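Enquirer: Before we start, here is the structure in question, set down as structure tokens.
The values are calculated or read from the model by the stated rules, or taken from the named source; none is laboratory data. Not measured: the values here are computed from a predicted model. Cβ sites come from the backbone with ideal geometry, for glycine too, and all protein chains shown count toward neighbours. What goes into the accessible areas is simple: the full protein's heavy atoms, side chains included, and nothing from ligands, DNA or RNA. Shrake-Rupley method; radii C 1.70, N 1.55, O 1.52, S 1.80 Å.
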Amino acid sequence: MSSRFDEMRVFSGSGNLPLAHAICERLGILLGDATVTQFSNQNIFVKLNESIREKDVFVVQSLSLPLSDAIMELLIMLDACRRASAGRVTAVIPYYAYGRTDKKDQPRVPITARLLADMIQVAGAQQVITLDLHAGQIQGFFTIPLDELTAMPLLVRHFAEKGWDDAIIVSPDVGFAKRARNFAESLNVPLAIAEKRRVQELNHKGVPGMHFEPSPSQPQVLNIIGDVKGKRCIIVDDEISTGSSMLEVVRLLEQQGASEIYACCVHPVLAADAAERFANSSVIELVTTDTLPLPPEKRWPGLTVLSVATLLSEVIQRIHSGVSVDHIFHRRNPALS
């Protein structure tokens, strides 16, 4: 099936240039020529250095750190494509930020994931490709087509190749249990679940009226539901930010007699000193993907990074050609689709 657009163009912001180049390499094209820079007053400037009139344009931008800059680059690039008369503009966002702010869970707070979706659409995106949203309902924040892909089969394949018969999948909390169960079914191994609660510590502000304000909540893992003694435990999550929750699970698994501990996630945010803490922990291997760039200071011998470039390039090619994307998931891993 041929596309109604004669040519495809792929551009990228600075959010994840290595991944954008890898995608283009698999597509057999060059990354689009664009200037993305920042003036001394921190204003971001974007210029497309080639014609995209009536072209099928894909803008690759992972919302990595510094986050606000990455978001603005994406919005400005989308606007530049729309104003340059692109035939169709697709935002390829390997990691969608603000995924945790998908609802009002306390008074007078925003739903930032919805706000970000609105901005992406207003900027000019006509459809979106993303990977493993933290909350599936974010799909409903968009009125344009959105394809949420999953990189979980890459992680499944990595551990399946080890051929272990004593492995067990561990969900870091009850909320992730369904996806962890699918992961366990794909490997044909049992599932354990960590029961986690968050404790609010109060800090005295020392002002008239004895005002107290809660500090950021701290995870507290209470129990592991399932038998992990003598097992190779694989903790599965969609993303690792500070790593505090997962490392608490690691500590509890150690106490309950796990023989070896592994971890995996799709999105390696690894904020603050998370990389150092994992490197110094008993986690033998942390397996993740390149949806976010990892600089040398966030890498260590126990880190394995799998590329999502092949998956994204195949989906981009299918969308350009007008071929169903759903076929990819059923072919790769039905249990995780």
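Enquirer: Give me a count of the residues in the range 105-135 that are touching a Phe, Trp or Tyr at 6+ places or on another chain (Cβ under 9 Å) and open to solvent by 20 Å² or more (accessible area, probe 1.4 Å).
Expert: Final tally of qualifying residues: 8.
Enquirer: Mind checking which residues of the range 301-330 are more than 26 Å from D56 (Cα to Cα), open to solvent by less than 40 Å² (accessible area, probe 1.4 Å) and assigned to a loop (DSSP other than H, G, I, E, B)?
Expert: Listed by number, the list holds a single entry, G302.
Enquirer: Restricting to the range 284-300, what's the tally of residues that are exposed (fewer than 14 other Cβ atoms within 10 Å of the Cβ) and within 20 Å of M152 (Cα to Cα)?
Expert: Number of matching residues: 1.
Enquirer: If the requirement is being farther than 28 Å from A272 by Cβ and open to solvent by 70 Å² or more (accessible area, probe 1.4 Å), which of these qualifies: F39, F58?
Expert: On the way: F58 fails: open to solvent by 70 Å² or more (accessible area, probe 1.4 Å).
It is F39.
Enquirer: Please go through the range 282-300 and give me each residue that is part of a loop (DSSP other than H, G, I, E, B) and touching a His at 6+ places or on another chain (Cβ under 9 Å), ordered by number.
Expert: Selection gives T291, L292.
Enquirer: Quick check: anything in the range 103-112 under 19 Å from the mean Cα position of the chain (by Cα) and closer than 22 Å to M77 by Cα?
Expert: yes
Enquirer: Confirm whether S85 is more than 30 Å from G175 (Cβ to Cβ) and hydroxyl-bearing (S, T, Y).
Expert: Here the answer is yes, as S85 does meet what is asked.
Enquirer: When the residues of the range 54-101 are narrowed to those that are among the hydroxyl-bearing types (S, T, Y) and either out of contact with any helix residue (DSSP H, G or I) (no Cβ under 9 Å at 6 or more places or on another chain) or in a loop (DSSP other than H, G, I, E, B) (or both), which ends up farthest from M8 (Cα to Cα)?
Expert: Looking at residues that are among the hydroxyl-bearing types (S, T, Y) and either out of contact with any helix residue (DSSP H, G or I) (no Cβ under 9 Å at 6 or more places or on another chain) or in a loop (DSSP other than H, G, I, E, B) (or both), I get T101.
Enquirer: Give me the pairs, please: first residue somewhere in the range 141-165 and of a type in the set (V, I, T), second residue anywhere and assigned to a loop (DSSP other than H, G, I, E, B), beta-carbon distance under 7 Å, and either six or more positions apart or on two chains.
Expert: I144/A125; I144/Q126; T150/D132; V156/N333
Enquirer: Of these, R277, R232, R251, which one is more than 15 Å from P94 (Cα to Cα), open to solvent by 40 Å² or more (accessible area, probe 1.4 Å) and touching a Phe, Trp or Tyr at 6+ places or on another chain (Cβ under 8 Å)?
Expert: R232
Enquirer: Considering the range 110-132 alone, what residues qualify as being closer than 20 Å to S64 by Cα and touching a residue at least 40 places away in the same chain (Cβ under 8 Å)?
Expert: Matches in the range 110-132: L116, M119, I120, A123, A125, I129, L131, D132.
Enquirer: Within the set of pairs 6+ apart or on separate chains, which have a first residue in the range 13-26 that is under 15 Å from L74 (Cα atoms), a second that is modelled with pLDDT under 95 and among the aliphatic types (A, V, I, L, M), and C-beta atoms under 9 Å apart?
Expert: none
Enquirer: Testing I168 on (1) open to solvent by less than 30 Å² (accessible area, probe 1.4 Å); (2) at pLDDT below 95; (3) touching a Pro at 6+ places or on another chain (Cβ under 8 Å), one condition comes back false. Which one is that?
Expert: Of everything listed in (1) open to solvent by less than 30 Å² (accessible area, probe 1.4 Å); (2) at pLDDT below 95; (3) touching a Pro at 6+ places or on another chain (Cβ under 8 Å), I168 misses just condition (2).
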